[in-house]
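These notes are about the structure you will find just below.
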Amino acid sequence: MDDLPKDLSNAPTRLDREALRARKHDRESFLDLPRTPIVLVFDGVFGNYNQGAIFRLADAFMLEKLHFCGASVKPWHKRFLKSARGTHKWVPFTVGEDITAVIQAYSEQGYQVAIVEQCEGSVSMLEAQFNTPLCLVLGGELSGVSAEILELADLIIELPTLGMANSLNVSMSAGMVVMTAYQTYMKQLKG
């Protein structure tokens, strides 16, 4: 059966770079587009590859802003460049701020503070009730989010891990939570 020719006349055609670029706004008007009211705050996330992947995520969902607290960002690093693919030029971000001050400022502005961490009383991401504007907080893969920061949460979210590993990569976790929160946001917009 493997020797028979396959009819590919109805197969989807992959879009090339030009077709994908035609779907986008021009670079001049891009900065004026409204952003999704979701900010990501990171507590000690250092990995260049993870940081670059987080920028790519933030660009894909037009997130409002990234805050890398307690860490530096090296946009010239080879691993960062490989995963960010230039998105760091388009995503608003800050580095080195005091995480408590950042979270408290968003809380005072009416953002729901949702922390992604495995702890007593956490809620499965699949059952979480997200509100926007939203401030999502994630920690480093080994250290997690500090105990003082957990006290600032309106909601503590845990991602399901059914296999043998105890947790997921931080950029992967961010992607899963952002996608879930974005779906909630879009439903709220449509009423």
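Annotations for the structure displayed:
- Selection count, segment 160-184, where residues are in contact (Cβ under 8 Å) with a residue 12 or more places away in the chain and either buried (at least 19 other Cβ atoms within 10 Å of the Cβ) or farther than 19 Å from residue 56 by Cβ (or both): 12
- Of the residues making up segment 126-140, those that are under 13 Å from residue 38 (Cβ atoms) and surrounded by 20 or more Cβ atoms within 10 Å (Cβ to Cβ) are 130, 134, 135, 136, 137, 138.
- Number of positions in segment 138-169 that are touching a Ser or Thr at 6+ places or on another chain (Cβ under 8 Å) and modelled with pLDDT under 80: 3
- Just one of (1) surrounded by 11 or more Cβ atoms within 10 Å (Cβ to Cβ); (2) touching a strand residue (DSSP E or B) at 6+ places or on another chain (Cβ under 7 Å); (3) not hydrophobic (A, V, I, L, M, F, W, C) fails for residue 143. It is (2).
- Among (1) out of contact with any helix residue (DSSP H, G or I) (no Cβ under 7 Å at 6 or more places or on another chain); (2) acidic (Asp, Glu); (3) closer than 22 Å to residue 47 by Cβ - the single one residue 141 does not satisfy: (1)
- Residue that is free of Cβ contacts under 8 Å to residues at least 12 places away in the same chain and not aliphatic (A, V, I, L, M), where the choices are 86, 52, 121: 86
- Number of residues in segment 146-159 that are buried (at least 18 other Cβ atoms within 10 Å of the Cβ) and closer than 22 Å to residue 51 by Cβ equals 3.
- Checklist (1) closer than 16 Å to residue 38 by Cα; (2) within 16 Å of the chain's Cα centre (by Cα); (3) touching a residue at least 40 places away in the same chain (Cβ under 8 Å) applied to residue 107, failing item: (2)
- Segment 6-52, residues that are in a loop (DSSP other than H, G, I, E, B), of a type in the set (Lys, Arg) and at pLDDT 75 or above: 14, 35
- Filter result (touching a strand residue (DSSP E or B) at 6+ places or on another chain (Cβ under 7 Å) and either modelled with pLDDT of 95 or more or under 19 Å from residue 175 (Cβ atoms) (or both)) within segment 101-120: 102, 103, 106, 107, 111, 112, 113, 114, 115, 116, 117, 118
The values are calculated or read from the model by the stated rules, or taken from the named source; none is laboratory data. These numbers come from a predicted model, not from an experiment. Reconstructed Cβ throughout: ideal geometry from the backbone, glycine too, with neighbour counts over all protein chains shown.
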